[in-house]
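Visitor: Have a look at the structure that comes next, please.
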Amino acid sequence: MPLKTGAGRRVPPFRVMDVIFAANERAANLPPGAPKILHLEVGQPGTGLPLGAKRAVEAALQTDDVLGYTDALGRPSLKARIARHIADWYGIEVPPARIAVTVGASAGFPLAFLSSFEVGDSVALAAPYYPPYYNILLALGLRPVVLPCGIETGFQPSVEMLETLPQKPNGLILASPANPTGSMLTPAALEALCRYCDDAGIRLISDEIYHGLTYGKTQASAAQFSSNAIVINSFSKYFSMTGWRIGWMVLPEEMVRVTERLAQNMFICPPHIAQIAAEAAFGCRDELEANRDTYASARDILMNGLHAAGFSVFSPPDGAFYIYADISDQAEDSAAFCAQLLARHHIAATPGLDFDAERGDRFVRFSYCAALADIEDAVARLKSAHMSRLPSI
């Protein structure tokens, strides 16, 4: 008799992880002298743990501290330091008691969804979107309500889009800067959405993991405009700590205890040593800002290179480290296009179908957080590929 399977069978793959697997497999089997694989598929900074954080980790490992369990919502000293960071960046006071340290932002999303919604509730999100939003909602028995957004709306949702829905959603997910587009909400637009959600009884969840990585536009936090919003942030991107799996949430006061109970049962606590590294990373601002300047240079190189390689339309990458490029002039299937890009030119990129099931076959996401030399090499290869497709004169 067949054995029962659970709701997980309905969850689509996170395709970028499949791309990474294919790229790594190809890299392992390259013949001698072949061009290396260039990783423009993954949103992982090419830089590593900041120097001050490394020193803090080294010092901690030399003590007699067993580095065991911490409080479920994190070390008090780290929560206090995050509160100082919020005050410095946004000019608002958030009590450390409203801050939860998490096992990366990836743990923050199921904690936010489980603490906010019941099975069957609806949660709106803009498309294109970060795939785990949609996939985790499905796994938890929630109903994603997709708001199609394009370059004409800055790839961001609006109050007007919410007002046109036939039924008011129970929740709304925002991301600014967004993955995969790099688009941002203006502070005024973010405030309007926060006010609307508060008035309509919609729980707002704001993904702010790319804060600090912006290029000329003003960033704002939902915590500035609503005490009811749940803010999710991470040490992975600006702080260059992807593998350390450490993030944080800003919670409404009444949701702290329910989130704590969930975290106790699901995760016990965030990694102790990662919390020590994260607290020290706040003292590495010069190094982190230098990283951001490198991403800004890579952004310019890739934007110019994509134009020269025949990619005429893509989102304005106001933040993060992605360009979401329209490939409809070059191909009709983003998955096949990315497979050919990897096979023929050794460039790994992510098909837009990962971010938008309806329209993603027209788009590809390129990440520009790799080393500058790799970005320049990728641009040269893309230009060469473009020239080879042009008719000879």
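Visitor: Looking only at the range 378-390, how many residues end up being within 15 Å of Glu41 (Cα to Cα) and either modelled with pLDDT of 95 or more or touching a Lys or Arg at 6+ places or on another chain (Cβ under 6 Å) (or both)?
Guide: Number of matching residues: 2.
Visitor: State all residues of the range 317-338 that are touching a helix residue (DSSP H, G or I) at 6+ places or on another chain (Cβ under 8 Å) and either open to solvent by 20 Å² or more (accessible area, probe 1.4 Å) or in a helix (DSSP H, G or I) (or both); if no residue qualifies, say none.
Guide: Asp326, Ser328, Gln330, Ala331, Glu332, Asp333, Ser334, Ala335, Cys338, listed by residue number.
Visitor: Could you tell me which residue of the range 2-26 is surrounded by the most Cβ atoms within 10 Å (Cβ to Cβ), considering only residues that are at pLDDT 80 or above and among the aliphatic types (A, V, I, L, M)?
Guide: Val19
Visitor: Moving to a separate point now. Considering the range 247-294 alone, what residues qualify as being farther than 30 Å from Gly201 by Cβ and outside any helix (DSSP H, G or I)? Spell out the reasoning first.
Guide: Filtering the range 247-294 down to residues farther than 30 Å from Gly201 by Cβ leaves 268-294.
Of everything in the range 247-294, those that are farther than 30 Å from Gly201 by Cβ and outside any helix (DSSP H, G or I) turn out to be Ile268, Cys269, Pro270, Pro271, Phe282, Gly283, Cys284.
Visitor: Looking at Val123 and the list (1) open to solvent by 10 Å² or more (accessible area, probe 1.4 Å); (2) part of a strand (DSSP E or B), which single condition is not satisfied?
Guide: (1)
Visitor: Which is without any contact (Cβ under 8 Å) to a residue 40 or more places away in the chain and among the β-branched types (Val, Ile, Thr), of Val119, Val94?
Guide: Result of the check over Val119, Val94: Val119.
Visitor: Being part of a loop (DSSP other than H, G, I, E, B), among the charged types (D, E, K, R) and surrounded by 13 or more Cβ atoms within 10 Å (Cβ to Cβ) is the filter here; which residues of the range 51-86 pass it?
Guide: First, the residues of the range 51-86 that are part of a loop (DSSP other than H, G, I, E, B): 62-75.
From what's left, among the charged types (D, E, K, R): 64-65, 71, 75.
Listed by number, the residues that qualify are Asp71, Arg75.
Visitor: Ok, one more. Could you say which residue among Leu341, Leu306, Leu353 is in contact with a Gly (Cβ under 7 Å, 6 or more places away or on another chain), among the hydrophobic types (A, V, I, L, M, F, W, C), more than 30 Å from Glu58 (Cβ to Cβ) and assigned to a helix (DSSP H, G or I)?
Guide: Just one listed residue meets the conditions, Leu353.
Visitor: Right, another one. Return the residues of the range 137-149 that are touching a residue at least 40 places away in the same chain (Cβ under 8 Å) and either open to solvent by less than 40 Å² (accessible area, probe 1.4 Å) or in contact with a Cys (Cβ under 7 Å, 6 or more places away or on another chain) (or both); say none if nothing qualifies.
Guide: If the condition is that a residue be touching a residue at least 40 places away in the same chain (Cβ under 8 Å) and either open to solvent by less than 40 Å² (accessible area, probe 1.4 Å) or in contact with a Cys (Cβ under 7 Å, 6 or more places away or on another chain) (or both), then Gly141 is the only one that fits.
Visitor: Separate question: Would the range 149-157 turn up any residue that is among the charged types (D, E, K, R), modelled with pLDDT of 95 or more and over 25 Å from Arg9 (Cα atoms)?
Guide: There is no residue in the range 149-157 that is among the charged types (D, E, K, R), modelled with pLDDT of 95 or more and over 25 Å from Arg9 (Cα atoms).
Visitor: Something else now. Name the single residue, out of those in the range 41-92 being of a type in the set (D, E, K, R) and touching a strand residue (DSSP E or B) at 6+ places or on another chain (Cβ under 6 Å), that is farthest from Leu213 (Cα to Cα).
Guide: The selected residue is Lys79.
Visitor: Can you tell me how many residues in the range 27-50 are surrounded by fewer than 11 Cβ atoms within 10 Å (Cβ to Cβ) and touching a residue at least 24 places away in the same chain (Cβ under 8 Å)?
Guide: Number of matching residues: 1.
Visitor: Now a separate question. Among Ala370, Ala378, which is the only one that is open to solvent by less than 40 Å² (accessible area, probe 1.4 Å), hydrophobic (A, V, I, L, M, F, W, C) and not in a helix (DSSP H, G or I)?
Guide: That would be Ala370, the only listed residue that is open to solvent by less than 40 Å² (accessible area, probe 1.4 Å), hydrophobic (A, V, I, L, M, F, W, C) and not in a helix (DSSP H, G or I).
Visitor: Which pairs turn up if I take residues in the range 152-165 that are of a type outside the set (A, V, I, L, M, F, W, C) and look for partners that are open to solvent by 10 Å² or more (accessible area, probe 1.4 Å) with beta carbon separation below 6 Å, at least 6 apart in sequence or on another chain?
Guide: Every condition considered, the pairs that remain are Gln156/Leu185; Pro157/Ala126.
The values are calculated or read from the model by the stated rules, or taken from the named source; none is laboratory data. These numbers come from a predicted model, not from an experiment. Every residue, glycine as well, gets a Cβ built from its backbone with ideal geometry; the counts of neighbours run over all protein chains shown. Only protein heavy atoms, including side chains, enter the accessible area calculation; ligands, DNA and RNA are left aside. Shrake-Rupley method; radii C 1.70, N 1.55, O 1.52, S 1.80 Å.
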